[in-house]
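Reviewing the structure listed below.
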C-alpha cells in the first residue's frame, strides 16, 4: 500500500466530517454550473483580440461567434453565423447570413451589424490582434447587399477568405469603435456577466440564443499559474475542467485526456553561418537525433515525430513526408565528408531555447545537446526568457549572432498552411532565415490558389523544405493534457488551446 | 530642557527621513525607467509573432517607444505632475489603478503573516533559550533552520497536495474564506519564523544570563515573569530589526505564494509585467512598493524608539 493510500484510509472518517463542515461556496459543485481553471489570466477581454489564446478561451464561440467555423479534424469550413458563401469574382466573396440571430443586448444581427463589426476589427486605431495576425497583408472591405447578404471585397485575390472569417468575432454594433470594451456583447450562447480582474470571469447562459440550448447554465473562469494546483482543483472538485496541465500532473487515467494541441516543435537552422550553410551538416544534425528516445521519457509517449511544421488536418499537410531516422553513423559520415571538403565542422554551434516553453523543454534540449555531441559536433546550450527569445526569433536579426539552432514551438489551428509557411520560410517572412526564390514562388502561388491545386502546392513546399533545403530540424507534434471532472463530459480538440466551447459540455447523469 | 523638546526632535527626525526617502525614490524611479527600456523591444511581446515588420514599427511609433530615451523620460515626468503614472498597454488601464488593485492583497498577506511568525518565534525562541542545549532547544534549532531553508514553492505545492487533495481539509487555493488563508500564511511565515527563532534564542540567552535577571531571581520573581517580561523585552530589540527587514521583503517575496495559491498580489503582477515588458506597470508598481517600504522603515525606527528609551534620548 503506498503512503498516499495509507494516509487516505487513516484520515477518511476525520476528513469526511471536516469536509462536510468546511464545504462552503466554491468547495461544493452546484448543478448546472461549472468552473474552468486556466493557466494565464486575460488582461483585456475585447473579442477583437480573441486570437490571443487566453482571451479566446473565454470568449470565442461562447460570448462572440464567427461567421464560419473551422473543423479541427480536416480543416473544412462549416457554417456558424453565415449559412453559405460563394466566390463572386477573384476578389469578392458573398456571404449569406443566418436569420433570426440577436445580440445579447437585443439588437438583431444583420449584414449592417456584421459589416460594422468587421470594420471595427480592422480599425488600425484599435490594434486588434486578429487584424495584426491574419489581415496584416490583406485589406477587406465589407459591402452590404441586402439585409442578410454581405459581400467582402479584398484588394488581393483571397481564396481562403471563408477560412479566415473563422477567426473574426462578431460583436454588437453598440460596441465602441475606437476603444476596447470591457463588456463584450456578442451572439453566442453565453452572456458576459462579470469580470473581477485577478479573480474570475462569469458567463451566464443566453436564453435567446439562435442555436441549441446548452446544458451549462453558468461558467466561471478562474486562473492558477501552477499546473499542479490546476490538477488538484479538479481532483478536489473545486474546478471541473483544467484544459491544460503538465504531463507529470496527468496521473489519473479516469480524469485525464491527452490531445493533439496543434503545436509543433523544431529547431530553426540559421543557415547564414558556417558550418550550417552546408547541407550535409544540416542533414547530419537531423540524423543525429533519436526522436523515439524522447517518447515516454522526457515527453509524453503520445507525441508524434514531425516532418513538417503543421499538424495533420491542416490544409497543406503532406502525409508522404517521413521524419528523419536516427542514424548516427550516417551523420558522422556526412560530417567527415564535409570536413574533408574544408567545411569548418568544429565551429561552436549554439542551441537557443526558451524557459518553460513547454514542460520538459530544458531537459529535452540537454538531451539534444548530448546527441549532437555524440556525433562529434561542438555544441552549447543557452536558455533565454521570453522577451529575449522573441527578439532572437524575429527580424531584424543580430549581425553577429553566429551559427545557432533556434528551438521554437508553433501552432496553427486555423485550417490552412498559409498561416505558417509565409512567416517561417518566405524571404520576407518575419521569422524566416532563408531566401530561396523557388520556394518563394511556390508560396506566392499557393497563397492565391484554390484546392486541390492549393493543397498540392503547399505539400510541395513542405517537401522542398524537408528534403531539398533542410532548413529545419523538425521534432514533434505535441500533446496537451486536460483534466475533466467525473461529473461532466468534455472532449478537447486541437482548438482547445485557442477556444473552449462551453456549449459542448454536458453533465453526466 | 524645553517641554516640547521631544516633539520637535521627533518632527525634525521625520522630516529628515522623509526627504532622505524622497531622494532615494527619485533615484529609484530613474533607474527603473531607463533599465526597463534597455531590456528590449516591447512590440515583440505585445504583437503576435506573425506581425509584419511594418506593424511593429507602427506600434512603436504610436506608443512613443521609438523616441529617444531622454524624451520618453521627460514625457513620463510631465505625467507624474498630473498624477499619471502611465498607461498599461497590455491591460488597457491606468497603471496606478492596476497596482493599487493588487497591492492590498499582498499587504493583507504580509499583515497576517508577520504577527504569526513573530509570536511563534518569540515563544519558541524564548523557551529554547531557557535551557540551551536541551531537547526542546535542539528540536527548535533544527526545525527553525529547516523552516528558513525550505523552498517555498515546494512547501506550497506539497501542502496543497496533502491538505487539500489527499486529506480534503482545506481548499486548494484562491481567496474567500478564513480556510483559504491557512496554507498561504503558514507557508509564507515559515522562513521569517525560522530566522526569528534563531535571533530571539540568541538574544534571550544573552538576556537570561545578565545581572538584572540574577537580581530578579534573587528577589524571588516568578520564572515565567522573568522570561516573558524582563528578558524578552530586551531580546525583542534585535528581533524587531530582523522582523522589520523580513516584513518589507515579504512585500516583494510573496510572489511564489501568490502564484501558487492564485492570489492576485503585487509580487506576481510585477514579475508578469517584467516578463511582458509592461513598462508602465513596472514603474508604477515599483514606485508604490518603494513608498510603502520607506514608510515601513520609518515605522520600524519609531517602534524602536518606543521600545527602547535609550534610543529616544540619543
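Segment residue A:99..residue A:356, full-extension length gain: 87.9 nm, with 0.36 nm per residue of separation and the alpha-carbon distance subtracted. Reported to the nearest whole Å, the Cα centre-to-centre distance from the stretch A:358-425 to the stretch B:178-200 is 42. Can you give the angle from 0 to 90° between the axis of helix B:53-62 and the longest principal axis of chain B, with both taken from C-alpha atoms, to the nearest 10? Tilt relative to chain B: about 70 degrees. Annotation: the protein assembly as shown has a Kirkwood hydrodynamic radius of 30.3 angstrom, from the mean reciprocal C-alpha pair distance. For the stretch A:322-424, the equivalent ellipsoid derived from the alpha-carbon gyration tensor has semi-axes of 26, 18, 16 Å in decreasing order. The C-alpha atoms of chain B define a longest principal axis, and helix B:179-208 lies at about 50 degrees to it. Reported to the nearest whole Å, the Cα centre-to-centre distance from the stretch B:8-80 to the stretch A:33-92 is 37. Only Cα pairs under 8 Å and 6+ residues apart enter the sum, and on that basis the relative contact order of chain A stands at 21 percent. Protection proxy ranking for A:470-482, A:380-392, B:61-73, using the average of other Cβ atoms within 10 Å per residue and placing the highest first: A:470-482, A:380-392, B:61-73.
Per residue of A:384-390, other chain Cβ atoms within 10 Å of the residue Cβ number 4 on average. Here the convex hull built on the C-alpha positions of the stretch A:401-509 has a volume of 152 cubic angstrom per residue.
Computed packing ranks the peptides B:219-227, A:30-38, A:240-248 as A:240-248, A:30-38, B:219-227, most packed first, by mean other Cβ atoms within 10 Å. Name the shape class, rounded, prolate or oblate, that the alpha-carbon gyration tensor gives for the stretch A:57-132, where a ≥ b ≥ c are the square roots of its eigenvalues, rounded holds for a/c under 1.5, and otherwise prolate holds if a/b is larger than b/c and oblate otherwise. Taking the square roots of the gyration eigenvalues as a ≥ b ≥ c, the stretch A:57-132 is rounded. For the protein assembly as shown, DSSP calls about 75 percent of its internal beta bridges antiparallel.
Divided by 2.2 N^0.38 Å, where N counts the residues, the Cα radius of gyration of the stretch B:235-314 comes to 1.38. Working note: 222 nm ellipticity from helices only, DSSP H runs with n ≥ 4, each -39,500 (n - 2.57), summed and divided by the residues of the protein assembly as shown, gives -14000 deg cm²/dmol to the nearest 500. The value given for chain B is a Kirkwood hydrodynamic radius of 22.8 Å, derived from the mean inverse Cα-Cα separation. Seen from all directions on average, the stretch A:260-480 presents a Cα convex hull projection of 11.4 nm². Listing A:422, B:228, A:221 from fewest to most neighbouring C-beta atoms within 10 Å gives B:228, A:422, A:221.
One decimal place: the segment residue A:123-residue A:399 gains 95.8 nm when fully extended, by the rule 0.36 nm per residue minus the C-alpha distance. Cα-based radius of gyration for the stretch B:20-129, normalised by 2.2 N^0.38 Å, reads 1.60. By its C-alpha gyration tensor, with a ≥ b ≥ c as the square roots of the eigenvalues, how is the stretch A:86-229 shaped: rounded for a/c under 1.5, else prolate for a/b larger than b/c, else oblate? Taking the square roots of the gyration eigenvalues as a ≥ b ≥ c, the stretch A:86-229 is prolate. Kirkwood Rh over Cα pairs of the stretch B:63-193 into Stokes-Einstein at 37 °C, 0.692 mPa s: D in µm²/s? Roughly 176 µm²/s, to the nearest whole number. At 1.002 mPa s and 20 °C, plugging the Kirkwood radius over alpha-carbon pairs of the stretch A:167-287 into Stokes-Einstein gives what diffusion coefficient in µm²/s? Once the numbers are plugged in, D ends up at 111 µm²/s. Round to a whole angstrom and tell me the spacing of the C-alpha centers of the stretch A:191-257 and the stretch B:119-134. After rounding, the separation between the Cα centres reads 47 Å.
Read-outs throughout are calculated quantities, based only on the coordinates presented, and are distinct from any laboratory measurement. These numbers come from a predicted model, not from an experiment. Every residue, glycine among them, receives a Cβ derived from its backbone with ideal geometry; neighbour counts consider all protein chains shown.
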